[in-house]
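Q: Please see the structure below; I have some questions.
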Amino acid sequence: MEKNYTPNDTLISKRKKHFIPTTYLYHDKPLQLVKAQGTRVWDHEGNSYLDGIGGIVSISAGHNHPKIKQALHMMLESDVIQHTSMLYLTEYPVKLAEALVEETPEGVNKVGFTNSGSEANELAFMASRHATGETIIGNLRLGYHGGTSAAMAQCGHGTWRFRAQPNASTTSALAPNCYRCPFGKKPDSCSLECADHVEETIQTTTHGKIAAFIIEPIMGVGGFITPPKEYFQKVAKIVHNYGGKYISDEVQTGSGRTGEQFFYTKDLGIDADVITTAKSFGNGAPIGVAIMTSEVADPLAGKFYFNTFAGDPYPVVQAQKTMEIIREEKLIENAKRMGNRLQDGFRTMMKTQPLIGDVRGKGLLIGIELVKDKTTKTYATQETAKVMDLCKDKGLLLGKGGLHGNVLRIAPPLCITEADVDFMLKTIDESFTECQKA
Ligand SMILES: Cc1ncc(COP(=O)(O)O)c(C=O)c1O
């Protein structure tokens, strides 16, 4: 590479000196990523990697897509205003809102832009509380909804919470985790005890009315936990019976990543009152959105929700171009085909790799849970970090999640090719074998 980059050791020591100590680096020998194109990224020494986690589940159309580059270039060249705030008229957020409501379930059509997924969920909580006059928001253990205060109060991971984090006005139900069912059931013989637990939670920990319940269709940070469709339909009815709004957090599942519709909520037939999304929606730009029904949105009239940068032209155009590319390049169909190819490959691999306890997910949102023993299901935390490092050394970047850090997370850009998938399968298989030997 022609540029002289600051060495990694210097960056690490300066980060230690200047950053608050909450940052975390993937890998024993962290990477300095400097360039990206399509499904690939490069480090400062010119080594190339297949991006199997898409930033953090945030690249959909592909890194530096030519159509997005051209649009942003043209805007800069012609001095398009960078910041206006919503206090002035601009056509960009209006066009994006129109495109978005084409994709939502009927009736979910009032759009509030934000800069991130956390802010989108904050807006969803505020609107639900305002509409119902109730304070309690329910959540699922092992869920994650963002790093801001109200979102963190809904976090189902002790590892992510801070000491003295206010936790008022929330309640949580057990996670619908089929691989580790908290009720000791098997998926083919259960009666959705996990959905009944939502009702029991409301009955036993609230006064009988709630403002909302927030649920991810696939639990991302939790390790891509993938509950059955019937779970969501049953829970939505329960939430509504207790006066609450159903918030479907599609920050990770949105933008067609599941290989189904743009919003997975639609495929699951969830009667949602609010859908939030971010991440892949902006293909790397900081933008989020909460989309709600009139019943949730209309009571906000007369209130002022101000968010300085939300709806500004550049991130909005990046999101709009991303939506166009996803449609024109049939990336949702690709996510389905490539996701199936990956899952088939992992299921075959599972027969010969003792570390693989479970393979789950949908489309290009795939989790591989690593266990030391398939019967006891003991968390293979160190092994997961090791496999990630081995894959990195072979030119493949993966993510990880789960409360115990024992789930490999695979969420590449939606434009991934068959050759990329086959490289991924081969690399992961080899890395498992090497890890097992070590
Ligand atoms: C399901 C879910 N919701 C919300 C968020 C928060 O989004 P952001 O980090 O953009 O604030 C995340 C981030 O990982 C997420 O996974």
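Derivation of every value follows stated rules applied to the coordinates shown; laboratory data play no part. Keep in mind that what you see is a predicted model, and the values were worked out from it rather than measured. Virtual Cβ from ideal backbone geometry, glycine too; neighbours counted across all protein chains shown.
Q: Can you classify segment 359-438 as rounded, prolate or oblate using the Cα gyration tensor, where a ≥ b ≥ c are the square roots of its eigenvalues, rounded means a/c under 1.5, and otherwise it's prolate if a/b beats b/c and oblate if not?
A: It comes out oblate by the Cα gyration axes.
Q: Could you give the length gained on full extension between residue 69 and residue 185, defined as 0.36 nm per residue of separation minus the Cα-Cα distance, in nm?
A: Gain in length upon complete extension: 36.8 nm.
Q: About the Cα centre, and with charges only on the beta carbon of Lys, Arg (+1) and Asp, Glu (-1), how big is the dipole of the chain? Nearest 20 debye, please.
A: Charge dipole of the chain: 1120 debye, to the nearest 20.
Q: Can I ask one more? Given segment 175-252, what count of lysine pairs have C-alpha atoms under 20 Å apart, with each pair 8 or more places apart or on different chains?
A: Qualifying lysine pairs in segment 175-252: 11.
Q: Step through the residues of segment 139-156 one at a time and calculate ³J(HN,Hα) from phi using the Karplus curve (6.51 cos²θ - 1.76 cosθ + 1.60, θ = phi - 60°), rounding each to whole Hz and writing x for Gly and Pro.
A: 8, 9, 5, 6, x, 9, 9, x, x, 7, 4, 5, 5, 5, 5, 9, 7, x
Q: Further question: For residue 303, give me every one of the aspartates and glutamates with a C-alpha distance below 18 angstrom, ignoring sequence neighbours fewer than eight places off in its own chain.
A: Within reach: 119, 122, 134, 295.
Q: Further, regarding this structure: Connecting C-alpha atoms closer than 10 Å in a GNM of the chain, tell me which of 190, 178, 155 has the biggest fluctuation.
A: 190
Q: Tell me, 352, 114 in order of fewest to most beta-carbon neighbours within 10 Å?
A: With the sparsest Cβ surroundings first, the list reads 352, 114.
Q: Mean separation of Cα pairs under 8 Å and 6+ residues apart, divided by the residue count of the chain: what relative contact order is that in percent?
A: 21 percent
Q: Which of the aspartates and glutamates could a cross-linker bridge to residue 29, judged by Cα under 15 Å and excluding same-chain residues fewer than eight apart?
A: 9, 43, 45, 389, 393
Q: Another one. Give the long-range amide H neighbours of residue 172: residues separated by 5 or more places, or on another chain, with amide H under 5 Å away, using H modelled in the peptide plane at 1.01 Å from N.
A: It is 139, by chain and number.
Q: Along the charge dipole of the chain, pointing to its positive end and built from +1/-1 on Cβ of Lys, Arg, Asp and Glu, which listed residue (142, 243, 13) has its Cα farthest out?
A: 13
Q: Now for a separate question. Put +1 on the Cβ of each Lys and Arg and -1 on the Cβ of each Asp and Glu in segment 349-438; which of 391, 414, 378 then has its Cα farthest toward the positive end of the dipole?
A: 378
Q: Most fluctuating residue of 119, 193, 260 in a GNM of the chain with Cα springs under 10 Å: which is it?
A: Highest fluctuation of the listed residues: 193.
Q: Tell me, 76, 192, 100 in order of fewest to most beta-carbon neighbours within 10 Å?
A: Ascending number of Cβ neighbours within 10 Å: 76, 192, 100.
Q: Okay, moving on. Please check: in the Gaussian network model of the chain (C-alpha springs, under 10 Å), which one of 39, 258, 201 has the largest mean-square fluctuation.
A: The residue that fluctuates most here is 201.
Q: Further, regarding this structure: Rounded to the nearest 500, what is the 222 nm mean residue ellipticity of the chain from helices alone, with -39500 (n - 2.57) per DSSP H run of 4+ residues and division by all residues?
A: -11500 deg cm²/dmol
Q: Further question on the same structure: Which of the three applies to segment 263-335, rounded, prolate or oblate, going by the alpha-carbon gyration tensor with a ≥ b ≥ c and a/c under 1.5 meaning rounded?
A: oblate
Q: Next question. Amide H to amide H under 5 Å from residue 380: which residues, 5+ apart in sequence or cross-chain, H placed 1.01 Å off N in plane?
A: 370, 371, 372
Q: Of the listed peptides 282-289, 394-401, 5-12, what is their order by residue-averaged count of other C-beta atoms within 10 Å, with the highest listed first?
A: Top to bottom by mean Cβ count within 10 Å: 282-289, 394-401, 5-12.
Q: Antiparallel DSSP bridges in the chain: what percent, to the nearest 5?
A: 70 percent
Q: Once you have the Cα-Cα distance between residue 3 and residue 157, take 0.36 nm times their residue separation minus that, and quote the gain in nm to one decimal.
A: Stretched out fully, the residue 3 to residue 157 stretch lengthens by 51.4 nm.
Q: Starting with the fewest neighbours, write out 215, 332 ranked by other beta-carbon atoms found within 10 Å of each beta-carbon.
A: Ascending number of Cβ neighbours within 10 Å: 332, 215.
Q: Tell me, what is the percent relative contact order of segment 1-132, built from C-alpha pairs under 8 Å that lie six or more residues apart?
A: It comes to 12 percent, rounded to a whole number.
Q: Is the C-alpha gyration tensor of the chain telling us rounded, prolate or oblate? Criteria: a/c under 1.5 is rounded; beyond that, a/b larger than b/c is prolate, otherwise oblate.
A: In terms of gyration-tensor shape, oblate.
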